[in-house]
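> If you scroll down you'll find the structure; I have some questions about it.
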Amino acid sequence: MQVARGLAGTFVVKSKTDPLRALPEQHWMISDLRLNQQAAIPPNSMMDWMDGREGQFVLINGQRNPTIQVGTGTRVRIWNSCAARYLQLEIPGCQWQVVGTDGGLLEQAQAPVDTLFLAPAERVEVLITAPADMQAPLISRYYDRAKMMVRETPTDISLAHVTVQKQASPDLSAELRSFEALGIPVASKRVEFSEHEMPHDMGQGMSENMMQNMFLVNGKSFDMERIDLRSKVGDVEQWHIYNNSHMDHPFHLHGTQFMVTDREHNGVKRAEPFKAWRDTANLRPYETVTFLVKQSMPGLRMFHCHILEHEDLGMMANLLVE
Ligand SMILES: [Cu+2]
């Protein structure tokens, strides 16, 4: 409810030895806002609780359809700060060169791509490439995340008018960062996201109790008093996250960041194409994501689906690091 009403912000932790520190920066924090006919923020509908709430106004740094001027030599940090909206960003005629993720820089700049996929809570650092000076919209292409009980008309949305200035390209050929070798994991964990079956006859809608226990981690709805998993400080662990449901869920872990090694979907296993530190990884329906992780600080922390309504309805669990 607090995020839906605007209580969310961002911060950047900078390294003194950042090899790209000389580049100018822009920050694009993307959020969405729901307003009703009275221009008030309405409470969640049942559909909002089931699918995650999406506001009809998608904002960049709090502005609707702003004009953005950006150079091809600018480092752009982008946040998906929406509670539930997925983004597939494109600037027709331009491409994105990814240099960083949730956990900062990659080893190397990646080959430019047309589309930038960001599940809720994901972040990237990019440079925009363009053949010449350009003017184009920033678009978010429709993404089918298999919502419950709705049939959507695929609709792209325009987020901004972008003027891209072609500049001398910064040299991105050097290694941006090295990753410590995590080594062989000494423990492994399985996490399964699932949902209670929807009743066939929705009749009067669902009871409060059904809603409260709709979304599950390892078969259980969140309980603040229950420790679900335990880890030891400094242990390298291999986690397998399985989405045993028909809808996308972005997994999110607190206290550290992880390195995805492979993803398995529809019987096809794919090695992750590059190393990256992340704290959020999207899971397609019935997809498994495998990652390596190490917790360096003792304490109680959470992992959860980052569709915030799912988290509120039970899709969260406690990890105790000892
Ligand atoms: Cu979810």
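> Could you tell me which residue of the range 14-36 is nearest to the ligand (Cβ to nearest atom), considering only residues that are among the hydroxyl-bearing types (Ser, Thr, Tyr) and in a loop (DSSP other than H, G, I, E, B)? Steps first, answer last, please.
Initially, the range 14-36 is screened for residues among the hydroxyl-bearing types (Ser, Thr, Tyr), giving 15, 17, 31.
Add one more test, that the residue is in a loop (DSSP other than H, G, I, E, B), and what stays is 15, 17.
Values: Ser15: 32, Thr17: 37 Å.
Going through the qualifying residues, I end up with Ser15.
Okay, residues lined up against (1) surrounded by 15 or more Cβ atoms within 10 Å (Cβ to Cβ); (2) in contact with a helix residue (DSSP H, G or I) (Cβ under 7 Å, 6 or more places away or on another chain); (3) over 29 Å from Glu107 (Cβ atoms):
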site	(1), (2), (3)
His265	yes, no, no
Val268	no, no, no
Lys275	yes, no, no
Asn282	yes, no, no
Thr290	yes, no, no
Ser296	no, no, no
Leu308	yes, no, yes
Asp312	yes, no, yes
Glu322	no, no, yes
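> Residues Gln97, Gln56: which one is touching a residue at least 40 places away in the same chain (Cβ under 8 Å) and among the polar types (S, T, N, Q)?
After applying the criteria, what remains is Gln97.
> Being farther than 30 Å from Thr115 by Cα, more than 20 Å from the chain's Cα centre (by Cα) and touching a residue at least 40 places away in the same chain (Cβ under 8 Å), is that true of even one residue in the range 172-183?
yes
> Working carefully through the options Ala39, Ala109, find the one that is buried (at least 18 other Cβ atoms within 10 Å of the Cβ) and outside any strand (DSSP E or B).
Every option except Ala109 fails the conditions.
> Please go through the range 1-20 and give me each residue that is farther than 30 Å from Pro42 by Cβ and exposed (fewer than 12 other Cβ atoms within 10 Å of the Cβ), ordered by number.
Val12, Val13, Lys14, Ser15, Lys16, Thr17 - these are the residues of the range 1-20 that are farther than 30 Å from Pro42 by Cβ and exposed (fewer than 12 other Cβ atoms within 10 Å of the Cβ).
> As an exercise: evaluate Leu138 against (1) over 30 Å from His246 (Cβ atoms); (2) assigned to a loop (DSSP other than H, G, I, E, B) and give the number of the one condition it does not meet.
Failed condition: (2).
> Keeping to the range 183-202, report how many residues are at pLDDT 90 or above and either assigned to a strand (DSSP E or B) or aliphatic (A, V, I, L, M) (or both).
Count: 11.
Conditions (1) more than 16 Å from the ligand (Cβ to nearest atom); (2) within 15 Å of the chain's Cα centre (by Cα), marked per residue:
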| site | (1), (2) |
| --- | --- |
| Asn243 | no, no |
| Phe258 | yes, yes |
| Phe274 | yes, no |
| Tyr286 | no, no |
| Met302 | no, no |
| Leu320 | yes, no |
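> Can you tell me which of (1) within 16 Å of the ligand (Cβ to nearest atom); (2) touching a residue at least 60 places away in the same chain (Cβ under 8 Å); (3) exposed (fewer than 11 other Cβ atoms within 10 Å of the Cβ) is the one Asp144 doesn't meet?
Unmet condition: (2).
> In the range 47-71, which residue that is within 16 Å of the ligand (Cβ to nearest atom) and of a type in the set (A, V, I, L, M) is surrounded by the most Cβ atoms within 10 Å (Cβ to Cβ)?
Met50
> Then there's this: Restricting the search to the range 1-45, which residues are basic (Lys, Arg) and free of Cβ contacts under 8 Å to residues at least 24 places away in the same chain?
Lys14, Lys16, Arg21
> With the requirement that a residue be closer than 18 Å to Asp156 by Cβ and surrounded by 21 or more Cβ atoms within 10 Å (Cβ to Cβ), what does the range 95-106 give you?
Taking the range 95-106 as the starting set, the residues that turn out to be closer than 18 Å to Asp156 by Cβ are 95-96.
Result: Trp96, single match.
> Can you tell me which residues in the range 43-79 are of a type outside the set (A, V, I, L, M, F, W, C) and under 23 Å from Ala130 (Cα atoms)?
The answer is Asn65, Pro66, Thr67, Gln69, Gly71, Thr72, Gly73, Thr74, Arg75, Arg77.
> To continue, here is another question. Quick one: Asp235 ticks every box in (1) within 16 Å of the ligand (Cβ to nearest atom); (2) over 20 Å from the mean Cα position of the chain (by Cα); (3) not polar (S, T, N, Q) bar one, so which box is it?
(1)
The values are calculated or read from the model by the stated rules, or taken from the named source; none is laboratory data. None of these values were measured; they are calculated from a predicted model. Every residue, glycine as well, gets a Cβ built from its backbone with ideal geometry; the counts of neighbours run over all protein chains shown.
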